[in-house]
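These notes are about the structure you will find just below.
Rule-based calculations on the coordinates, nothing more; no lab input. As the structure is a prediction and not an experimental result, all values here were calculated from the model. Cβ coordinates were reconstructed from backbone atoms using ideal geometry, including for glycine residues, and neighbour counts include every protein chain displayed.
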Amino acid sequence: MAEHNRTGTEGEQLACRFLEAAGFEVLERNWKHGKLEIDIVARHQHYLVFVEVKTRSSNQHGEPEEAVKKGKRSKLIKAANAYIQLTGCDLAARFDIVSVILHPSGKPYIHHIPEAFYPTVHDKPF
């Protein structure tokens, strides 16, 4: 497995543990529909939460969450719409980001950003 894949997998595992400790129920990990993917689908209170996890070994080139740009957000919104249609879930949807920085000599830094972005009228569902 490539190093960046190991880093991503480790970050997603840490994000799941972090969210569960905060009271989230993880429903899905790496949920796929065609070419679309959602890192984590969770339930928190009365929300269905779609979580994008970004992991880096340092913040030398910026914070990990800065990589969730318009194109990625659009794909997440499409994937979330597909998930809701396929599961029939009627909870309110929310988009969060969990940013993870893995420090080789110390404790990982985890930053959870609830309601990191919102779909707009310009975002097409499919």
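Looking at the chain, what % of the alpha carbon pairs are farther apart than 25 Å? Percent of Cα pairs beyond 25 Å in the chain: 21. Since only TYR109, VAL49, THR87 are under comparison, the one whose Cα sits farthest along the positive direction of the charge dipole of region 41-126, derived from C-beta charges on Lys, Arg, Asp and Glu, is THR87.
Label sites at GLU20 and ARG43, each approximated as a point 7 angstrom past Cα along Cα to Cβ, lie 1.6 nm apart.
The packing ranking of peptides 83-91, 24-32, 71-79, highest mean first, is 71-79, 24-32, 83-91, where packing means the average number of other beta carbon atoms within 10 angstrom of each residue.
Applied to region 65-74, the Karplus parametrisation 6.51 cos²θ - 1.76 cosθ + 1.60 on θ = phi - 60° returns per-residue 3J(HN,Hα) values of 5, 5, 7, 8, 8, 3, x, 5, 4, 4 Hz, with x for Gly and Pro. Between 0 and 90 degrees, the angle of helix 3-21 with respect to the longest Cα principal axis of the chain falls at about 70 degrees. Using the Cβ-Cβ distance between GLU66 and ASP90 with R0 set to 25 Å, the FRET efficiency works out to roughly 0.15. Each residue of region 112-117 was assigned a 3J(HN,Hα) from its phi angle through the Karplus expression (A = 6.51, B = -1.76, C = 1.60, θ = phi - 60°), giving 9, 10, x, 6, 5, 7 Hz with x at Gly and Pro.
Between their Cα atoms, which of LYS70/LYS107; LYS35/LYS69; LYS35/LYS107; LYS32/LYS107; LYS32/LYS70 are more than 27 Å away from each other? Don't skip to the answer; put the middle values down first.
Values: LYS70/LYS107 30 Å; LYS35/LYS69 18 Å; LYS35/LYS107 34 Å; LYS32/LYS107 30 Å; LYS32/LYS70 20 Å.
Violating the 27 Å limit, Cα to Cα: LYS70/LYS107; LYS35/LYS107; LYS32/LYS107.
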